[in-house]
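Remarks on the structure that follows.
The values are calculated or read from the model by the stated rules, or taken from the named source; none is laboratory data. Owing to the predicted nature of the structure, the values given are computational and were not obtained by experimental measurement. Every residue, glycine as well, gets a Cβ built from its backbone with ideal geometry; the counts of neighbours run over all protein chains shown.
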Amino acid sequence: MNTSQNQAPPFQIESWVGTDLGQVRKKNEDNYLVDALNGLFVVADGMGGGVEGEKASRRAIETFSATIYNERDLVRKIAEQPNDSAVKEKVGELVTQAVVAANAEILRLRREIGPDVSMGTTLTAMILQGNTGIIAHIGDSRIYRVRYRELSQLTEDHSLVAQQVKEGYITEEQAKFSPFKNVLIQAIGKGEELDPQVEFFTLEPGDQFLLCSDGLHGYLENHEIITVLEEPAGHRIVPRLIDCANARGGSDNITAVAIRLSSPEHYVPTTEVDIGRSLSNSPILRGLKPGETTRVLKLGHTQDYISGETIFTEDTAERSLFIVFDGQVTLSRGEHWVATVETGQHFGLLSLVDGQGRLVTAKAENQVRLLEIPRTEFLDLLRSDPNLGVKIIWNLLKDLSGGHRQSVARMLKALS
């Protein structure tokens, strides 16, 4: 799902959302709200199993958002008067009231269903108004912000292990393996007393945010979140995050909301110095002059992948050539290893020639940076500069011939 909405200056909000059952659960208890028009984004991770958890997360979001919408004029004042302490105090009270109202609704549902029912949910919300962001948070879902390639966790986990880390009883590394990591100290529906995290912060152009349930953040390192959020094509961010969580176990439901303010800067520019160092021995560029090398490299765009992430699967129809800037890529067919491609090497050559689909699946062996050159741009270069085209094709033929000779040699050795 993709929502995009112009807001009053200074920002445009773009957002993308997705949720997934995961690999283990039989019911998706997560829910979300994405309302770019009113600048309201919410993720809730239900607890209680099956219908009860799903109902808790859904009703909590409905109650929270209804409270905010009923006072939308007050909320909008924070955009007009961001430095007015009285306005900020009233909005803060409203947001707290919305969390309390959601808690009261889930407690009411619990009493209505029966005294022994287990029912609750996390609730993590962000409101964007003008230059101001507002957080409302209970539980262990999270909000991350990426600003100038630095990741900040804006929410505090209301969990037992988070408190133990904060008080120095265990380390963050030990917390990852603690048997109590899913024990929440605070949650919607857990009890009458709540102390929600309600905070205001200043927005900047290019800020990127991720709201997610623990079914996602439990599987990704901070640097990996940065890598995926830098994906130029915004609609690919959430599917990539969900695929990575599933590939690493997917033991819980997975929900993610990705948000960008205005047009974000891509803070990892690939400079010609980086290119020259990484690709000095690349077969496809061998013998080319510096200006010719630059022309070839400008055909494509850089793309980062995190460890274990699938780049493409066999039989897909996309037609691009990939050059490895950094890292290693494993090529496989079915369950069988085909090759490992390293810095300076390329793969996907045959897709430039025919439209029969990929022969292999390509997966990042570690943190990988690739240059992807689409077939149309590649052919346009060959037509516009035949001399350069001959050099490139000759390099490709020599590389293809070398690979063929190695394959024949391996086959003959196997037969001997």
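Anything in the stretch 171-189 that is assigned to a loop (DSSP other than H, G, I, E, B) and modelled with pLDDT under 90? List them, or say none.
Residues of the stretch 171-189 that are assigned to a loop (DSSP other than H, G, I, E, B), as a first pass: 171, 176-183, 185-187, 189.
Within the stretch 171-189, T171, K176, F177, S178, P179, F180, K181, N182, V183 meet the criteria.
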Checklist entry - How many residues, within the stretch 246-259, are surrounded by 22 or more Cβ atoms within 10 Å (Cβ to Cβ) and not β-branched (V, I, T)? => result 4
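Is it true that some residue in the stretch 378-388 is in contact with a strand residue (DSSP E or B) (Cβ under 7 Å, 6 or more places away or on another chain), in contact (Cβ under 8 Å) with a residue 12 or more places away in the chain and not acidic (D, E)?
Within the stretch 378-388, the subset in contact with a strand residue (DSSP E or B) (Cβ under 7 Å, 6 or more places away or on another chain) is 378.
Narrowing further to those that are in contact (Cβ under 8 Å) with a residue 12 or more places away in the chain: 378.
Those still in the list that are not acidic (D, E) too: 378.
Checked the stretch 378-388: at least one residue is in contact with a strand residue (DSSP E or B) (Cβ under 7 Å, 6 or more places away or on another chain), in contact (Cβ under 8 Å) with a residue 12 or more places away in the chain and not acidic (D, E).
Here's the yes/no breakdown for (1) closer than 27 Å to L229 by Cα; (2) of a type in the set (D, E, K, R); (3) outside the structural domain of R248 (by TED's automatic domain parsing):
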site	(1), (2), (3)
H301	yes, no, yes
E309	yes, yes, yes
F322	yes, no, yes
F325	yes, no, yes
V341	yes, no, yes
L350	no, no, yes
Q356	no, no, yes
E372	yes, yes, yes
Item to check | Pair list, Cβ < 8 Å and 6+ apart or interchain, from the stretch 280-305 residues that are within 29 Å of G234 (Cα to Cα) to residues that are of a type in the set (F, W, Y) and modelled with pLDDT of 80 or more | outcome: L299/F378; T302/F325
Checklist outcome for this item: Those residues of the stretch 199-237 which are assigned to a helix (DSSP H, G or I) and over 30 Å from P82 (Cβ atoms) amount to D214, G215, L216, H223, E224, T227, V228, H235, R236
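Do the conditions hold for V100, that is, is it assigned to a helix (DSSP H, G or I) and crowded, with 19+ Cβ neighbours inside 10 Å?
For V100, the condition - assigned to a helix (DSSP H, G or I) and crowded, with 19+ Cβ neighbours inside 10 Å - is not met.
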Checklist entry - Only one of V87, V100, V91, V24 is assigned by TED's automatic domain parsing to the domain that holds V238, within 30 Å of Y219 (Cα to Cα) and either within 23 Å of the chain's Cα centre (by Cα) or at pLDDT 95 or above (or both); which? => result V24
Item to check | In the stretch 280-314, the residues that are of a type outside the set (D, E, K, R), in a loop (DSSP other than H, G, I, E, B) and either at pLDDT below 90 or over 15 Å from Q328 (Cβ atoms) (or both) | outcome: S280, N281, S282, G287, L288, L299, G300, T313
Next on the checklist: For the stretch 161-203, give me each residue that is in contact (Cβ under 8 Å) with a residue 24 or more places away in the chain, surrounded by fewer than 18 Cβ atoms within 10 Å (Cβ to Cβ) and β-branched (V, I, T).
Outcome noted: V183, I185, T202
Checklist entry - From the set of residues in the stretch 108-130 that are at pLDDT 95 or above and of a type in the set (A, V, I, L, M), which is surrounded by the most Cβ atoms within 10 Å (Cβ to Cβ)? => result L123
Checklist entry - So which of T343, T376, T330 ends up being buried (at least 16 other Cβ atoms within 10 Å of the Cβ) and either over 16 Å from L285 (Cα atoms) or touching a Pro at 6+ places or on another chain (Cβ under 9 Å) (or both)? => result T330
Item to check | Residues of the stretch 136-159 that turn out to be out of contact with any helix residue (DSSP H, G or I) (no Cβ under 8 Å at 6 or more places or on another chain) and crowded, with 20+ Cβ neighbours inside 10 Å, as a count | outcome: 8
Checklist entry - If you go through the stretch 381-401 one residue at a time, do you hit one that is under 29 Å from G308 (Cβ atoms), modelled with pLDDT under 80 and among the charged types (D, E, K, R)? => result yes
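For the stretch 188-226, give me the residue count where each residue is polar (S, T, N, Q) and either within 29 Å of S307 (Cα to Cα) or not assigned by TED's automatic domain parsing to the domain that holds E89 (or both).
Within the stretch 188-226, the first condition is being polar (S, T, N, Q), and the residues that meet it are 197, 202, 208, 213, 222.
Among the residues that remain, those that are also either within 29 Å of S307 (Cα to Cα) or not assigned by TED's automatic domain parsing to the domain that holds E89 (or both) are: 208, 213, 222.
The qualifying residues number 3.
If I ask for residues that are within 19 Å of V91 (Cα to Cα) and out of contact with any Pro (no Cβ under 9 Å at 6 or more places or on another chain), which ones from the stretch 104-134 would you list?
We begin by selecting, within the stretch 104-134, every residue within 19 Å of V91 (Cα to Cα); these are 123-134.
Scanning the stretch 104-134 gives T124, A125, M126, I127, L128, G133, I134.
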Checklist outcome for this item: Here the qualifying pairs (Cβ atoms under 7 Å; residues six or more apart or on different chains; first in the stretch 45-72 and at positive phi; second part of a helix (DSSP H, G or I) and not acidic (D, E)) come out as G48/A56
Checklist entry - Taking into account only those residues within the stretch 308-327 that are surrounded by fewer than 18 Cβ atoms within 10 Å (Cβ to Cβ) and among the polar types (S, T, N, Q), which is nearest to C244 (Cα to Cα)? => result T310
